[in-house]
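Notes to accompany the following structure.
The values are calculated or read from the model by the stated rules, or taken from the named source; none is laboratory data. As the structure is a computational prediction, the values presented were derived from the model and not from experiment. Because the Cβ atoms are built from the backbone with ideal geometry, glycine has one as well, and the counts that use them run over all protein chains shown. For accessibility, only protein heavy atoms count, side chains too; no ligands or nucleic acids. Shrake-Rupley method; radii C 1.70, N 1.55, O 1.52, S 1.80 Å.
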Amino acid sequence: MDWLEQGKAQVGRLGIGLWLSYPRRARAARRGAVSLSVGGVTIDVPVRSAAEVTRVDRIRHEDEFVSRLLGAVRPGDVVFDVGANMGVVTSLLGRRIGGDGGRVFGFEPHPELVLRAREVVGQVAVESAQVVDVAVGAENGEAQLMVDASPLSGRHSLAGAEASGRVVRVAAQTLTAAAEVLGVRPSVVKVDVEGGELDVLRGAAELLASGAVRAWFIEWHTRTLSGRGESMEAGVRLLEGYGYRSVWRHARGFECHEQFVRDDGA
């Protein structure tokens, strides 16, 4: 079975599992909250619909990736969550850092999700976490965001290959510029931007060169990258050129989670 068929099979199994669990998700939505435990961090995520419960469930399916992310955070760290969606991972990071002087910034360009993420983070996390309404990419200015019919689908993207529906104009910044505006230097960065991973890295050249980021956690969207004439391998080579090496990788369908650290062991 080739990678395309494997991807289809895994996506199909995930879809069937989510469909069978619909009654549970509907009950959780009526309760208004769902408990989530990942990497030793437990939060009660406020939910308003079965679709939001599904979004939380997707974090469970990414347990090892998120656990590694949480485990990489140290006291006083600044963490960037690029592609925050409804703010669940941002909230986990905020709770993980707590009041030890660290800060978490979740970046999300989708107008509806920005509002929802701020509500979720405000109810779950401490004041160390906040949501920034900007798209992170290769250039500063404005960008066209392809918006999927369902905001919670996670398929809205500057790349656009997996999205359908309307286009909205959003503010855009490079990761380097975002750090300068916020007046911080991130130690850990998570990237989940539906095929725009290489653009995020290209816009982070100064941060990469400085070695300020100790660890990168990237969700590569291989099908979308391929549609743009790009590849995960190109992103890996880019990071390696700045002195980072891969220490963990897990492929799942059309996605691949990967962790990179500095070669100097910082």
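Checking the stated criteria, Glu64 turns out to be open to solvent by 80 Å² or more (accessible area, probe 1.4 Å) and at pLDDT 95 or above. Taken together, the residues in the range 67-97 that are touching a helix residue (DSSP H, G or I) at 6+ places or on another chain (Cβ under 8 Å), closer than 14 Å to Leu36 by Cα and surrounded by fewer than 24 Cβ atoms within 10 Å (Cβ to Cβ) amount to 2. In the range 149-163 there is no residue matching the filter, namely being modelled with pLDDT of 95 or more, out of contact with any Pro (no Cβ under 9 Å at 6 or more places or on another chain) and not in a loop (DSSP other than H, G, I, E, B). Per this entry, Val38 is not counted among residues that are open to solvent by 10 Å² or more (accessible area, probe 1.4 Å), among the hydrophobic types (A, V, I, L, M, F, W, C) and closer than 19 Å to Ala117 by Cα. For the range 94-108, the criterion of a residue being within 25 Å of Ala177 (Cβ to Cβ) and in a helix (DSSP H, G or I) is satisfied by at least one position.
Checked against the criterion of being under 25 Å from Ser91 (Cα atoms) and either touching a strand residue (DSSP E or B) at 6+ places or on another chain (Cβ under 8 Å) or surrounded by fewer than 19 Cβ atoms within 10 Å (Cβ to Cβ) (or both), the candidates Ala209, Ala234, Ala178 yield just one match: Ala178. For the range 234-247, check the following and say yes or no: at least one residue is at positive phi and either modelled with pLDDT under 95 or in contact with a Phe, Trp or Tyr (Cβ under 7 Å, 6 or more places away or on another chain) (or both). No, every residue in the range 234-247 fails to be at positive phi and either modelled with pLDDT under 95 or in contact with a Phe, Trp or Tyr (Cβ under 7 Å, 6 or more places away or on another chain) (or both). Can Arg103 be described as within 19 Å of Trp248 (Cβ to Cβ) and at pLDDT 90 or above? It is false that Arg103 is within 19 Å of Trp248 (Cβ to Cβ) and at pLDDT 90 or above.
Give the range 191-222 a look and list any residue that's among the polar types (S, T, N, Q) and either closer than 26 Å to Arg252 by Cα or under 17 Å from the mean Cα position of the chain (by Cα) (or both), or say none.
Of everything in the range 191-222, just one residue is among the polar types (S, T, N, Q) and either closer than 26 Å to Arg252 by Cα or under 17 Å from the mean Cα position of the chain (by Cα) (or both), namely Thr222.
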